[in-house]
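Each remark here refers to the structure printed beneath this line.
Since every read-out is calculated from the coordinates, none of them should be taken as a lab result. Quick caveat, the model's predicted, so the values are computed rather than measured. Cβ placement follows ideal geometry from the backbone for every residue including glycine, while neighbour counts extend to all protein chains displayed.
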Amino acid sequence: MSQAILTYWQENGAEIWRALGQHLALSLLATLITMVIAIPLAVVLIDHRRAGEAVLQVASVIQTIPSLAILGLLIPLVGIGTVPALIALVLYAIMPVFSNTYAGLTNIDPRLIEAADAFGVSRRFKLFRVQLPLAMPMILTGLRLAAVMVIGTATLAALIGGGGLGTYILLGIQTNNNAALIIGAGLAAALALIASAMIKLLARGSWRWLAGGTVALLVISGTALGVTTWRNANRETITIAGKMGGEPEVLIHMYKDLIQAADPSVHVAVKPNFGGTAFLFKGLTSGKIDIYPEFTGTVLQSLVKTDQAVPHQPAKAYQQAKQLLARQFQLTYLPPMAYQNGYMMTVRRADAERYQLQTIGDLQRVPQFQAAYDPDFYQQADGWPGLQQAYGLQFSKVRTMEPALRYEALADKHVDVTDGYTTDPQIKEYDLVVLEDDQAFFPPYQGAPLMSTTFAKAHPKVVQALNRLAGKVTTAQMQALNYAVTVKHEKAATVARRFLKDQGLID
Amino acid sequence: MLTFKQVTKAYGDQRALDAVSLTIASHELFVLVGPSGSGKTTLLKMINRLNTPTSGQILIDDSDVAAVTDVRALRRRIGYVLQGGALFPNMTVAQNVAVPLATLGWSQAAQTARVTELLTQVGLSPERFLTRKPSELSGGEAQRVGIIRALAAKPDIILMDEPFSALDPLSRTQLQALVRQLHAALKTTIVFVTHDMDEALALADRLAVMHAGQLQQVGTPAELLGAPANDFVAQFFAGARDAQQYLRQVIAAGFGHPGTGEQALAPTATLQAWAQVLRQTPTQAVQVGPTVLEPADLIAYLASTKEVRA
Ligand SMILES: Nc1ncnc2c1ncn2[C@@H]1O[C@H](COP(=O)(O)OP(=O)(O)O)[C@@H](O)[C@H]1O
Ligand SMILES: [Mg+2]
C-alpha cells in the first residue's frame, strides 16, 4: 500500500501540490471572509442582544442544510468553480465564528466593562483594548472550529469544479484508487491539524499581530486568486465536465484532445468527477459548462419529460432523446459512440461453460444460483423486478450488496450471478461472462456529447471534431479503457490519448 | 461640593432610592454606609452618570450632571475604584494604571513617569510591579493598583464602591490606612461606599447611613455613635458602640469629680480622643459636662474594665 502511495505521489506530485495549494487558498480565503463578516457583526450586535440571538438562529439553521444542497442552490446563481464553493464554506463557517465571538464579547465580567466606562475611555479603546482582547480566547476557539470545518468541507469543492484535495478523494472513490484517496484525505486531515495548531499558537500572540497577519493573508490570497482568474479570462475556454468515475474522465479527455487537435487555439478546461447527473445538467443549462457526455437512457428516464416508454432499440432511443432535448431544452445531442453502458447480468466463466449460459434467458436453467444486486437495481422497475418477470427467473437466494463488493463476492464464489454495467472493468479483471439481453429488456445506455444548441452553432469545428467519435469505441474497448484507469491506475488523460492515437483519430 | 436634591430611583414599583438629599463638602472623605441593597451603589453611580435618577438632581459644584453633554469628559474628572480592583486582566499593571492617562492623551513618557510615581507612593516597587499582569498580584496589591489607577489623572472626586470587601482583615486595615493617608495628602473629595460599619467609622470624616433607599442620618462618626437619630442607626452601630468606649461610660462607672477642667470634651467622645489629648499635654484634666476627669482616671478605668473581663 505505502509503495502504491509513493508511486502515485511520484507520478502526480506536481498536481497534488497544486491541489494542496488550491485547497489551502480556498480554506484560507473562506476563513478570512468569514472573520471579516462574523466578527464585526458580533461587535455591532453587542448591545442588541435580541438581534444577536436572531443572527445566531439563522446561522445555526444554515449549518443544518446539507452542503451538497447549498452547492446545488448556488450553481444557477453564481455558476461553478471557486465562487460557489467559497460562498458555501463561508455560510458554514459563520456559525462557529459568530457564536463564539458573540459569546466572548457578551460574557465579559461586567465590572470590567463598568470600569472602562467609568474612566470615560473612547469607544475604540474600549473595543480594541478591552472587549476584543478579553473575548480573544473565545474568538480563536471559533476560528479554530471554523478552520477545521472549512478545510474538511472544502473537499466538496471538487464536486463543482472548485479543485482542491477533494479531487483526489473523489478520484480515489470513483476509480477505486486507494493511493489517491489516502493522499487526498490524509493531506486534508494534516492541513486541518496544522491550521488548528497554528491558531492555538496565535492565541499566545497579541491582537495586533493577528490583525496584521489577517490583512497580509487577505492581500496575498486575494492577489493570487485575482491573477488566476484574470489569466483564464483572456482566452476562450471551453469547459467540459464529466460525472463521477473513471469512464467519464476518459471520455472528456478524448473530447478535449479531439477539439484541440481540430483547433489548437481554443483552451479546453476539463472538470472530471464534477458531480451527479442533476449537477451537470444544471451546469449545462445555466451555461456554466459547455459540454458533458450523457447517456441516452439517462436522458429519457431522468432529464426529459415524456409519456412514451423507453425504446429498446439503441438507435430509436437516441433519436427520441435527441428530439426531446432539442424541443424541451434547446440542447444539441451529438451521435453516440458504439458502446453500451447499460445494466447487464454476469456470471463466472467456469459456470457459463459448465451450464452453457449465453443469454439471460439461459438463467432459467439454474434456479440453484444465488444472486447479489446493487440496491438500486434490486428495487427499480427496470432492474430486477422487471427482469424477473420478463425472463421468468427464479434463484435460490437474492440479496443486495454494496456495488463495489458484488464482483469480489462473485469471483470468490459467495454468489453466482450479479448485475453490473456493461463497461465495468471488473468483467475483464475477474474474467466474467456477460449474458446477452436477447429480449432487449434493459434500456439502451449509449454515451454522446451534450451541449446547448447555441454553443453547437457557434462552434461548428467542435461539433465536427466530436462527431469523429460517433459509432466508435466498442463495449470491449471501453472495458479495457476503464480497466487501465480504475484497476491499473493509469492517468485518464494518458489512456484517452493512447486510444485516440491507436485508432488514428489524432496524430 | 456634591449636592443630591430629592434624588429618587424607581425600578418598576420598587424604590431603590427615595428622595435622598445630601451635601458632600469638597475635600471631604465621605462614607455611604448601610446594609446590602440599601441603595448605596445606585446613589454613587449617579455622580458619574453610570446611573441616572428617576427624579431629583445631582450637582457637582452647582452644575447639574444631567446637563452634561460630554459624559466621557465628566467621567475623566472622576476616579472610580471597584471591588477587587477590577483590573483589566489583559493589561500589565502599568497599562492598567495608565488607562485614564492614555484616555487623556498623555505622552508615553509622561504616563510612565506618573505610573512609577504612583506605584512608589503606595509602596509597590516599580521595577517589580510595572510589567506584572493582574493575575500575578495578591488581593491587596491588586486593590492598591486599582486605587492608583483612580488617582492617576488627579481627579477632583474619587468614588469607591466596596473596594475592600473581598480582602482579608489585615490587608483591609492596611488599605484603609492607605486611603486615609492618601486623602490627607491629596485632599481629593472621596465618596466611599461600604456595608461594614467598622470600616465606615475608621475612614469617615462624615458618613451617611442608608436603609431601604432612604437616608437615615448624616454626621461625623461621633455624632452618629453618640446620638443616633433612630432605632435603625442605633441598631446598626450597636456593635461598634459596645466595642467603643466613651467618656460617659467612664463617668457612669463612677470616675471623676465635679469641678472645671482645662479642656472640654463631649460625653460621646471616645477614650481614644481623650488619650490623644493626654498625649499632647499629659497632665491635663478634661471637662465633661459638670464632671472633671483626671489623667489617672483613664488608667484606673481601663484597669477596671480589664478586671471585669478577667
Ligand atoms: N438594574 C436594576 N434593576 C432593578 N433593580 C435594581 C437594579 N439595580 C439595583 N436594583 C435594586 O435597587 C436596590 C439598591 O441596590 P444597590 O444600590 O446596588 O444597593 P447596595 O449597593 O446598597 O447594595 C436593590 O434592591 C437592588 O435589587
Ligand atoms: Mg453595592
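Could you let me know the centre-to-centre spacing of the stretch A:13-55 and the stretch B:50-83, using Cα atoms, in angstrom?
Between the Cα centre of the stretch A:13-55 and that of the stretch B:50-83, the gap is 42 Å.
Calculate how many DSSP beta bridges within the stretch B:143-220 are antiparallel, expressed in % of all such bridges and rounded to the nearest 5.
So the antiparallel bridges in the stretch B:143-220 amount to around 50 percent.
Evaluate the charge dipole of chain A about its Cα centre and quote only its size in Debye, nearest 20, assuming +1 on the Cβ of each Lys and Arg and -1 on the Cβ of each Asp and Glu.
The calculation lands at about 1700 debye.
Which residue, A:Ser196, A:Val270, A:Ala103, has the largest displacement toward the positive end of the dipole of chain A when charges sit on each Cβ (Lys, Arg +1; Asp, Glu -1)?
Positive-end residue among those listed: A:Ala103.
Please get the size of the charge dipole for the stretch A:343-435, origin at its Cα centre, with Cβ charges of +1 on Lys and Arg and -1 on Asp and Glu, quoted in debye to the nearest 20.
320 debye
Give the whole-number value, in cubic angstrom per residue, of the convex hull volume spanned by the C-alpha atoms of the stretch B:202-284.
Taking the convex hull of the Cα positions in the stretch B:202-284, it is 117 Å³ per residue.
Roughly what % antiparallel, to the nearest 5, for the DSSP beta bridges in chain B?
Here the antiparallel bridges make up roughly 55 percent for chain B.
Once the dipole of chain B is set up with Lys and Arg at +1 and Asp and Glu at -1 on Cβ about the Cα centre, which of B:Leu186, B:Ala102, B:Val68 lies farthest towards its positive end?
Result: B:Ala102, furthest along the dipole toward the positive end.
May I ask you to derive the relative contact order of chain A, considering only C-alpha pairs under 8 Å and at least 6 residues apart, and to give it as an integer percent?
Contact order relative to length: 15 percent.
Along the charge dipole of chain A, which of A:Ala350, A:Ala411, A:Ala241 sits closest to the positive end, that is, farthest toward it, with unit charges on the beta carbon of Lys, Arg, Asp and Glu (+1, +1, -1, -1)?
In chain A, that residue is A:Ala241.
Once whole DSSP H runs in chain B are found, which of them have Cα atoms spread over 24 Å or more along the helix axis and a mean Kyte-Doolittle score of at least -1.0?
Both cut-offs are met by B:169-186.
Which part of the stretch A:377-409 falls in the paramagnetic zone of A:Gln308, meaning amide N under 20 Å from the point 7 Å along Cα-to-beta-carbon?
Output list for this probe position: A:382.
State the three equivalent ellipsoid semi-axes of the stretch B:1-104, derived from the C-alpha gyration tensor as the square roots of 5 times its eigenvalues, in descending order and whole Å.
26, 17, 14
What is the Cα centroid distance between the stretch B:280-301 and the stretch A:475-507, reported in whole angstrom?
Comparing the Cα centres of the stretch B:280-301 and the stretch A:475-507, I get a distance of 121 Å.
Computed from the mean reciprocal separation of all distinct C-alpha pairs, what Kirkwood hydrodynamic radius does chain B have, in Å?
After inverting the pairwise mean of 1/r, the radius is 21.5 Å.
Return one quarter of the surface area of the convex hull spanned by the alpha-carbon atoms of the stretch A:2-233, equal to its mean projected area, in nm².
Average of the hull's projected areas for the stretch A:2-233 equals 14.6 nm².
Given the -39500 (n - 2.57) contribution per DSSP H run of 4+ residues, what per-residue ellipticity at 222 nm results for chain A, rounded to the nearest 500 deg cm²/dmol?
After summing the helix terms and dividing by residue count, I get -19000 deg cm²/dmol.
By counting other Cβ atoms within 10 Å of each Cβ, how are B:Asp64, B:Asp18 ranked from fewest to most?
B:Asp64, B:Asp18
If I fit a long axis through the Cα atoms of helix A:49-64 and take the longest principal axis of the Cα atoms of chain A, what angle between them do I get, 0 to 90°, rounded to 10?
The helix A:49-64 is inclined about 20 degrees to chain A.
Can you compute the charge dipole magnitude of the stretch A:2-233 about its Cα centre, using +1 on each Lys and Arg Cβ and -1 on each Asp and Glu Cβ, nothing else charged? Give it in debye, rounded to the nearest 20.
Taking the Cα centre of the stretch A:2-233 as origin, the dipole is about 540 debye.
Suppose R0 equals 25 Å; then what is the FRET efficiency for B:Ser135 and A:Ser60 from their Cβ-Cβ distance, rounded to the nearest 0.05?
0.15
Tell me, what is the percent relative contact order of the stretch B:164-293, built from C-alpha pairs under 8 Å that lie six or more residues apart?
16 percent
With contacts defined as alpha carbon pairs under 8 Å and 6 or more residues apart, what's the relative contact order of chain B in percent?
19 percent
Would you kindly work out the equivalent ellipsoid of the protein assembly as shown from its C-alpha gyration tensor and give its semi-axes, the square roots of five times the eigenvalues, largest first in whole Å?
So the equivalent ellipsoid measures 91, 27, 23 Å along its semi-axes.
Calculate the length of the line joining the C-alpha centroid of the stretch B:1-48 to that of the stretch A:123-180, in whole Å.
Cα centroid of the stretch B:1-48 versus Cα centroid of the stretch A:123-180: 54 Å apart.
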